[in-house]
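Here the structure is laid out as structure tokens; the discussion comes afterwards.
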Amino acid sequence: MTQTALVTGGNRGIGYAIAAGLTKLNYRVVIGSRSASAGADAAESLGAEAVQLDVADPATIVGAIEQLGDVDVLVNNAGVLFDRPLLESPQEYRASLAVMLDGPYHLIRAVTPAMIHQGYGRIVNMSSDWGAFSQGLGGPGAYGVAKAGLNALTLALSRELPENVKINAMCPGWVKTRMGGAGANRSPEEGADTALWLATLPDDGPSGGFFRDRAPMAW
């Protein structure tokens, strides 16, 4: 039976590379994108599907999951990056948390009942070493705050979810994308590798961890 994988922000960058990798592994891949046309174009190029999904809008999350049916693999990849200081822009602070913390929370709530019922699920949260206290919470604006919250959510939910529904966070490194910039030292495919590993973990794979290059990282 073909498994369904939903990749948010899968129309470009690391998300597109993850979607491409899962397509090659014969998953039914669905690209979730705020722009319906961008998602449709990306999906067509991969032989995948697309759904309009604004992770900052819980109503579109509910509608997207109702449209898709059961999801076996969820990759919370969508992200935003603002460079103004935290205290100068409450709007950007709210947007950062809405996209990179609240959105993943609502998506996880939407997909996990089916995962628990069928006894299988894989959730991958695209985080960053900028969200790690061990690395000093770097990055501009609220980016590191949101990613630190996503890391905390990952660990907390690993204690609530059954062992066969695995949830992990990962850092892709510095990747050449619109967000990462041209000076980055990794390709989107290199950034996607750990996400693909976590999305396809065997039954004895880890849960509640934080990884880079398939190796554990300190929170």
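The values are calculated or read from the model by the stated rules, or taken from the named source; none is laboratory data. Since this is a predicted model, take the numbers as computed values, not measurements. Cβ sites come from the backbone with ideal geometry, for glycine too, and all protein chains shown count toward neighbours.
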*asked:* So, in region 137-147, exactly how many residues are of a type in the set (A, V, I, L, M) and surrounded by fewer than 20 Cβ atoms within 10 Å (Cβ to Cβ)?
replied: 2
*Yes or no: ASN125 at pLDDT 95 or above and part of a helix (DSSP H, G or I)?*
no
_Anything in region 99-131 that is free of Cβ contacts under 8 Å to residues at least 40 places away in the same chain and over 25 Å from GLY191 (Cβ atoms)? List them, or say none._
ARG109, PRO113, HIS117
_Given (1) assigned to a strand (DSSP E or B); (2) more than 16 Å from the chain's Cα centre (by Cα); (3) among the aliphatic types (A, V, I, L, M), identify the lone condition not met by ALA43._
(1)
*Of the numbered conditions (1) assigned to a loop (DSSP other than H, G, I, E, B); (2) more than 19 Å from the chain's Cα centre (by Cα), ASP70 fails exactly one; give the number of that condition.*
(2)
*of a type in the set (S, T, N, Q) and part of a helix (DSSP H, G or I), is that true of SER134?*
yes
*Contacts under 6 angstrom Cβ, first residue in region 26-51 being in contact (Cβ under 8 Å) with a residue 24 or more places away in the chain, partner among the aromatic types (Phe, Trp, Tyr), 6 or more apart*: ALA42/TYR16
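So that you can scan it fast, the table gives a plain yes or no per residue for (1) at pLDDT below 95; (2) crowded, with 24+ Cβ neighbours inside 10 Å; (3) closer than 26 Å to GLU189 by Cβ:
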| position | (1), (2), (3) |
| --- | --- |
| THR4 | no, no, yes |
| ILE18 | no, yes, yes |
| LYS24 | no, no, yes |
| ALA48 | no, no, yes |
| ASP54 | no, no, no |
| LEU74 | no, yes, yes |
*Are any residues in region 157-207 modelled with pLDDT of 75 or more and of a type in the set (Phe, Trp, Tyr), and if so, which ones?*
TRP197
